[in-house]
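As structure tokens, the structure follows; a few thoughts come after it.
Derivation of every value follows stated rules applied to the coordinates shown; laboratory data play no part. Only a predicted model underlies this, so the values are computations on that prediction, with no experimental measurement involved. Every residue, glycine among them, receives a Cβ derived from its backbone with ideal geometry; neighbour counts consider all protein chains shown.
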Amino acid sequence: MRVLITGANGFVGKNLQLHLAERKSVEVVCFTRDSKESELPALLQGVDFVFHLAGVNRPQDPGEFTTGNADLTRGLCQAVGAVAEATGKRVPVVYTSSSQAAHDNPYGQSKRAAEEALREMARRHQIPVHIFRLPNVFGKWCKPNYNSAVATFCHNIARDLPIQINDPAAPVTLVYVDDVVGRFIQLMDGADAALDAQGFATVTPQYTATVGELAHQIQVFKDSRGTLMTERVGTGLVRALYATYVSYLPVESFTYTVPQHGDPRGVFVEMLKTPDCGQFSFFTAHAGITRGGHYHHSKTEKFLVIKGQARFKFRHMQTGETHELVTSGEKAEIVETVPGWTHDITNIGADEMIVMLWANEVFDRARPDTFACAL
């Protein structure tokens with residue numbers, strides 16, 4: 001398949017290019033700011049699908065709204081229509097309009113004129129056209145200090161630069177760039193168009209937040225390196241925001257240190273804490289060293305020996321029943337501690353032992369639920 005992307009070097013265009021590059025069967029033709037409208041007929045040679053992403057949203061001269069949005073789209077429509085007339089090939093077009101097209105400002109008017117040109121082409125030549133009135137799109141590679149609050153917040157907060165918020169309560173509707181690109185590719189693959197009540201193509205999910213909430217969440221991401229407390233970054237808006245924030249880190253911030261506590265037994269390092277799923281850490285032990293020697297009422301832990309040999313010993317605090325087992329880094333075996341059993345772990349090997357540890361709750365010095373009791 002041969003695909004034309006206008007605005008190929010823009011924010012959405014770069015992300016789309018990367019996704020399409022993962023498909024060996026897709027050849028991408030790029031139309032950029034350096035291209036001329038007169039080149040469109042040649043670029044459309046053999047093209048099977050068009051992603052029309054090019055546009056102007058912050059020109060120095062307001063007249064560029066017309067030339068960069070309405071006129072360019074009319075030129076594309078003429079070229080796509082000419083292909084249909086000459087060959088009978090009807091090349092589908094996806095167009096990224098804007099929610100601003102519903103407003104009567106110069107930008108909105110130019111985007112609405114582009115929509116009308118595409119609809120006229122669709123009617124005249126029976127060409128499939130998918131028009132998206134996208135809200136605020138965010139994700140990696142969006143230009144900061146331009147027209148995206150998320151991009152600006154991520155860029156500045158990651159660099160300890162100030163941010164400006166005029167109205168923290170101002171609502172924002174957002175879509176994540178990966179969801180946008182995913183929907184575009186579904187249409188390219190022949191999926192049915194999902195239209196809203198006004199007949200525009202849609203991207204889901206859409207998120208709503210206030211400007212203040214976005215800024216706060218991104219600041220929490222930055223602070224998590226100090227607190228070790230991660231947000232719930234596995235789903236939804238927080239997942240997408242976290243991926244976006246990390247993409248704006250300068251290379252010198254790709255690494256960070258965490259506290260390391262050492263004593264004659266070895267070291268103990270906390271890596272990550274969660275609001276409601278415990279924490280992750282690791283420790284080392286020199287040959288012959290025993291760690292633990294305590295029990296919990298409710299806390300549970302999972303141990304994974306990564307290097308070395310370990311002997312775990314358990315004793316039931318009521319019945320006195322004992323249990324012992326040996327595991328090593330040569331076998332991926334989880335050892336789980338059980339409430340009401342005192343337990344310890346001894347390095348029975350000749351070399352240093354390294355053990356990964358998960359506890360189901362974050363350690364609370366005021367209520368540690370950890371009571372010394374040697375076996």
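Just the projected area, averaged over all directions, of the convex hull on the alpha carbon atoms of the stretch 2-226: how many nm²? Its Cα hull, projected and averaged over all orientations, spans 13.7 nm². Amide H contacts of residue 294 (H built 1.01 Å from N, in plane; Pro and chain starts excluded): 343, 373 sit under 5 Å, all sequence-distant by 5 or more or on other chains. Given the choices (i) 87, 47, 39; (ii) 66, 44, 38; (iii) 65, 44, 43, Cα extents along the principal axes in Å derived from the coordinates of this structure is entry (i). Under 21 Å of direct C-alpha separation, and excluding same-chain neighbours fewer than eight residues apart, residue 307 reaches these lysines: 331.
Taking the average, over residues, of other Cβ atoms within 10 Å as the packing measure, peptides 232-240, 97-105, 44-52 rank 44-52, 97-105, 232-240 from highest down. Each peptide in 331-344, 278-291 receives the mean, over its residues, of other Cβ atoms within 10 Å, and ordering these scores from highest gives 278-291, 331-344. Taking amide hydrogens as placed 1.01 Å from N in the peptide plane, the amide H of residue 27 sits under 5 Å from those of 2, 3, each at least 5 positions away in sequence or on another chain. Here the Karplus curve 6.51 cos²θ - 1.76 cosθ + 1.60, taken at θ = phi - 60°, turns the phi angles of the stretch 170-185 into couplings of 5, x, 9, 9, 10, 10, 8, 4, 5, 6, 4, 5, x, 5, 4, 5 Hz, with x standing for Gly and Pro. Based on the Kirkwood approach, the hydrodynamic radius assigned to the stretch 154-231 is 15.3 Å, with every pair of different Cα atoms included. Is the C-alpha gyration tensor of the stretch 276-375 telling us rounded, prolate or oblate? Criteria: a/c under 1.5 is rounded; beyond that, a/b larger than b/c is prolate, otherwise oblate. It comes out oblate by the Cα gyration axes.
With θ taken as phi - 60° and the Karplus curve 6.51 cos²θ - 1.76 cosθ + 1.60 applied, the whole-hertz 3J(HN,Hα) list for the stretch 351-367 is 10, 4, 9, 10, 10, 8, 9, 10, 10, 6, 9, 6, 4, 10, 4, 6, 9 Hz, x standing for glycine and proline. Relative contact order, whole percent, for the stretch 48-144 stands at 31, derived from Cα pairs under 8 Å and 6 or more residues apart.
Partners of residue 222 within straight-line reach, counting aspartates and glutamates whose Cα lies under 19 Å from its Cα and excluding those fewer than 8 residues away in the same chain: 160, 213, 231, 252, 270.
The dipole here belongs to the stretch 2-226: it is taken about the Cα centre, uses +1 on the Cβ of Lys and Arg and -1 on the Cβ of Asp and Glu, and is about 320 debye.
Taking square-rooted eigenvalues a ≥ b ≥ c of the alpha carbon gyration tensor, is the stretch 1-101 rounded, prolate or oblate, where a/c under 1.5 means rounded and, failing that, a/b exceeding b/c means prolate? Oblate, because a/c is 1.5 or more while a/b does not exceed b/c. What is the stretch 49-134 by shape, rounded, prolate or oblate, if you read a ≥ b ≥ c off the alpha carbon gyration tensor as root eigenvalues and call it rounded for a/c under 1.5, prolate for a/b larger than b/c, and oblate otherwise? Prolate is the answer for the stretch 49-134, as a/c is 1.5 or above and a/b outweighs b/c. Secondary structure note: in the chain, about 70% of the DSSP beta bridges are antiparallel.
When DSSP beta bridges are restricted to pairs lying wholly in the stretch 136-282, around 75% turn out antiparallel. For the peptides 253-265, 302-314, the ranking by packing is 302-314, 253-265, with the highest mean count of neighbouring Cβ atoms within 10 Å listed first. Residues of the stretch 131-148 with backbone nitrogen within less than 14 Å of a virtual label 7 Å along the Cα-to-Cβ line of residue 102, please, listed as ranges. Only 132-136 fall inside the zone, counting backbone N under 14 Å.
If R0 is taken as 22 Å, the Cβ-Cβ distance between residue 23 and residue 247 corresponds to a FRET efficiency of 0.45. My understanding is that a pair violates if its Cα-Cα distance is over 23 Å; which of 111/143; 14/143; 14/89; 273/302 do that in this structure? Violating the 23 Å Cα-Cα cut-off are 14/89. Think of the chain as having a plus end and a minus end, set by charges on the Cβ of Lys, Arg, Asp and Glu; of 149, 319, 353, 149 sits farthest toward the positive end of this dipole. The helix-based estimate of mean residue ellipticity at 222 nm for the chain, built from -39,500 (n - 2.57) per DSSP H run of four or more residues and divided by its residue count, is -8500 deg cm²/dmol to the nearest 500. Database remark: amide H of residue 229 closer than 5 angstrom to the amide H of 273 (H placed geometrically; neighbours at sequence offset of 5 or more, or on other chains; Pro and chain starts carry no H). Phi angles of the stretch 25-42 translate, via the Karplus equation with coefficients 6.51, -1.76, 1.60 and θ = phi - 60°, into HN-Hα couplings of 8, 10, 9, 9, 10, 10, 10, 10, 4, 7, 7, 10, 4, 5, 7, 4, x, 5 Hz per residue; Gly and Pro are given as x. Explain nothing, just the number: relative contact order of the chain, from Cα pairs under 8 Å at least 6 residues apart, as a whole percent. 11 percent.
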